[in-house]
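These notes are about the structure you will find just below.
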Amino acid sequence: MSIALLLNTARAEEWKVEITKHLPDVKVEIYPEIENYDAVEFALCWKPDANYYTHFPNLKVIQSGGAGIDHLFPNKIPSTLHICRIIDPMLKSDMFEHILTCLMHAMKNFSMYATAKEQQLWQPLVYKSIGETSVTILGLGEIGGYVAERLVQLGFLVKGWSNSPKALPGVVSFSGQEGLKAVVENSGFVVNILPLTDATRGILDHNLFKLCTNGIVLINVGRGDHLVENELLAAIDKGQIAQAYLDVFHLEPLPKDHPFWSCSSIFITPHVASRTNISSSVLQVVDNYKRMIRGEVLLNEVSLEKGY
C-alpha cells in the first residue's frame, strides 16, 4: 500500500518529506514515478491531469492539497471515491489578513497617494473608517465564515451570502437569489470566497455588477472562473465597480497581453491570498490516511453532489 502525490508543483518533494516523517513505513511516491499503481489507495492531489484517478484501480481517497477541491473534478468522479480537503487555521488566518490589507488599502486611498507621489502632489483625501464601512462576504463556509467573524470583531458592518442560511454572530446573513440582490446593494465592498460549483461559476457578472450603483470595491479570492472578466471591465467603465482586487484568474499566470494589466482600477496579486502551510497541514493528510486504513470517518470530506 502506498501514497501517490499528484501535485504538479515543485512542492511535491516537500510534501513527500513531511509525510514520510509521520509515516516512515509507508511508501510515498511522486507521480508518474509510481512503482505499483495497484498498490495506491490514497492520493494527495493539486491540479492533477484529467482522468488522473483512472491510473489507480484500487484508489479509495483523494485528498486535496489545499482548501479548494474544484481542481479535482475535470471529469465526473466515481461516487465510490472519497474526496477530502484541508482546513488549516493558518490558511484561514492568511486569507483574512490578505482581505483586510485590500480593505484598508482602498479605504485609506493608498493607491491614489502612490500616484500623487509620482506627480509630487500634496492632496489630502477623504478616507473611510472601519465603523462606517459595509463589507459583503459571498460564501460563509469555513474560510468565509472565519473572515466575516474577524471583520465583525474589528468593527466592520458585515453582511454575508451563502447557498444555505447561516447564523454567525454580528453578521447579517442572506441566501438565495433574492438574498444575493439584497446583500450586494448599499455595500462598500464585495468579497468573493465562494467555492467553485456549477451554480457559482460566473457569479461575478453584469447581473451582479448592475446592483452596485455606488461604485463598490470588488475583492476576488475565490476562483478565477467566478468572474466574467470582460463584464468586470465594462462595469468599471460604467462606474459600477470602483476598484477590483484580484488574486485568482481564468489563466494563471495571467497572460502578458491581458487587459487587466493596463487597467489602473484593477490590482493584481499572483494567487497568494493564502498558501497551504505544509508543516501544519500534513497532520490532516496523515490522519486521513490512518482513518482510511482503520475504516473510520474522514476529516473534511466533501460532497460530490454539492461540490463542496
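The values are calculated or read from the model by the stated rules, or taken from the named source; none is laboratory data. What you see is a predicted model, and the numbers here were worked out from it, not measured in a lab. Glycine gets a Cβ as well: all are built from the backbone with ideal geometry, and neighbour counts include every protein chain shown.
Structure values in brief
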| item | result |
| --- | --- |
| Subset of the range 1-21 that is outside any helix (DSSP H, G or I) and hydrophobic (A, V, I, L, M, F, W, C) - its residue that is surrounded by the most Cβ atoms within 10 Å (Cβ to Cβ) | 4 |
| Selection from the range 1-39 of residues that are in contact with a Pro (Cβ under 9 Å, 6 or more places away or on another chain) and aliphatic (A, V, I, L, M) | 6, 7 |
| Hits in the range 144-166 (condition: closer than 25 Å to residue 301 by Cβ and either touching a Gly at 6+ places or on another chain (Cβ under 8 Å) or at pLDDT 95 or above (or both)) | 144, 145, 146, 147, 148, 149, 160, 161, 162, 166 |
| Given (1) touching a residue at least 24 places away in the same chain (Cβ under 8 Å); (2) assigned to a helix (DSSP H, G or I); (3) not charged (D, E, K, R), number of the condition residue 186 does not satisfy | (2) |
| Check on residue 237, loosely packed, with under 15 Cβ neighbours inside 10 Å, charged (D, E, K, R) and outside the structural domain of residue 71 (by TED's automatic domain parsing) | yes |
| Residue in the range 86-93 that is surrounded by 14 or more Cβ atoms within 10 Å (Cβ to Cβ), closer than 29 Å to residue 181 by Cβ, within 26 Å of the chain's Cα centre (by Cα) and of a type in the set (S, T, N, Q) present | no |
| Given (1) surrounded by fewer than 21 Cβ atoms within 10 Å (Cβ to Cβ); (2) within 22 Å of residue 147 (Cβ to Cβ); (3) in contact (Cβ under 8 Å) with a residue 60 or more places away in the chain, index of the condition residue 199 fails | (3) |
| Count of the range 22-48 residues which are surrounded by fewer than 20 Cβ atoms within 10 Å (Cβ to Cβ), touching a Phe, Trp or Tyr at 6+ places or on another chain (Cβ under 9 Å) and assigned to a loop (DSSP other than H, G, I, E, B) | 3 |
| Any pair with Cβ under 7 angstrom, 6 or more apart, that starts in the range 132-154 at a residue that is free of Cβ contacts under 8 Å to residues at least 24 places away in the same chain and ends at one that is of a type in the set (Gly, Ala, Ser) and assigned to a strand (DSSP E or B) | 148/160 |
| The range 257-306, subset hydroxyl-bearing (Ser, Thr, Tyr) and surrounded by fewer than 14 Cβ atoms within 10 Å (Cβ to Cβ), residue nearest to residue 223 (Cα to Cα) | 303 |
| Residue 178 vs. criteria in the same structural domain as residue 247 (by TED's automatic domain parsing), in a helix (DSSP H, G or I), acidic (Asp, Glu) and modelled with pLDDT under 95 | yes |
